[in-house]
Amino acid sequence: MPELKLTLLGTGCAGGMPVYGCHCQACVRSRQQTDKQRKQCTALIEAGETRLLLDAGLHDLPARFPPGSLSAILLTHYHVDHVQGLFHWRWGRADKLAVYGPKDSEGCADLLKHPGFFDFNQTLSPFQTITWGDDSNKLSVTPLPLTHSKPVFGYCIENRAGTIAYLTDTIGLPEETRRWLKTKKIDSLILDCTHSPAIKHPRNHNNLDMAIAIHNDLQPDNTILTHISDELDCWLMDNEQGLPNGISVGFDTLKINLK
């Protein structure tokens, strides 16, 4: 039986949780309860022998993934909180590892100029599917343009077990991406939701009202919120009934397993 697994290794926004120097109720709680802490957004995709790291926001990636344990790395974009784990990792001694992502001539600092053992020459094109594995356990990944301050891809991840859409960082959805996703039966939608409804005019990330509207439009079996800020966690602590059915808040180590 084919399986499709996605593990959320980090679900926080750029500042993580707890935020340095912050004494809001969410940050205080996360200092007291380590399971409430949030590392920067990173995930792991597993299907058969294929293992794809999705973003690289964690600093301990070399310890988590010894040489040869990953098939490739997928980057949503080159903001530092999504690539910071690559800066020291790149100087390791290992076989070349392919890194896929959107075309971005600036990249992040000198990652592209001094890639170490990473191969960044794997630029993806919107809606052009790439695959891993053989016919019996093929994994397909389709990059989907999102709306952000840098070129960003979300990813539709599919095999015979089901479909997962991973959409962070974004504010709303571009119409072409929205129409493309409407053709899919999405089992799990992992969706950017950095802000509470109290933030009426967010700049780069969804607030909860926007995330709910996307959920209602795409109608996945379930939606899991990620890229969470301490401000949203505070709002959720005060509004325990604030999420509609079918929407939940992600947490670090959450596993999604489709069979």
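Quick note: the coordinates plus some simple rules give every number you see, no bench work behind them. None of the values given here were measured: they were computed from a predicted structure. Methodologically, a virtual Cβ is constructed for each residue, glycine included, from the backbone with ideal geometry; neighbour enumeration extends over all protein chains shown.
Observations on the structure shown:
- By the Cβ distance rule (another cysteine Cβ under 4.7 Å), the unpaired cysteines of the chain are 13, 24, 41, 108, 156, 193, 234.
- For the range 18-122, applying the loop criterion from DSSP together with a ceiling of 14 other beta carbons within 10 Å to the chymotrypsin sites (Phe, Trp or Tyr not before Pro) yields 20, 91, 117.
- Note on the range 137-161 and the range 53-68: Cα centroid distance 20 Å, given to the nearest whole angstrom.
- Each Cα pair under 8 Å and six or more residues apart adds its separation to the average, and for the chain the resulting relative contact order is 21 percent.
- The longest part of the chain holding none of the exposed loop GluC sites (Glu not before Pro), meaning those outside H, G, I, E and B in DSSP with at most 10 other Cβ atoms within 10 Å, is 107-239.
- Restricting the range 118-201 to trypsin sites (Lys or Arg not before Pro) in coil, as DSSP defines it, with at most 11 other Cβ within 10 Å: 185, 200
- Rough spin-label spacing in nm, given labels placed 7 Å along Cα→Cβ, for residue 34 and residue 123: 4.3 nm
- At full extension, residue 248 and residue 135 could sit 37.3 nm farther apart than now, given 0.36 nm per residue minus the alpha carbon distance.
- Annotation: amide H of residue 3 within the under-5 Å range of 48, sequence separation 5 or more or interchain, hydrogens built in the peptide plane.
- Sorting the segments 122-131, 244-253, 145-154, 9-18 by their residues' average number of neighbouring beta-carbon atoms within 10 angstrom, most packed first, yields 9-18, 145-154, 244-253, 122-131.
- Per-residue Karplus couplings for the range 177-186, computed as 6.51 cos²θ - 1.76 cosθ + 1.60 with θ equal to phi - 60°, are listed in order as 5, 4, 5, 5, 5, 5, 7, 9, 9, 8 Hz, Gly and Pro entered as x.
- Distance violations [Cα-Cα > 23 Å] among 36/182; 138/184; 113/255: 36/182; 113/255
- Amide H contacts for residue 247 (H built 1.01 Å from N in the peptide plane; partners 5 or more residues away or on another chain; cut-off under 5 Å): 223.
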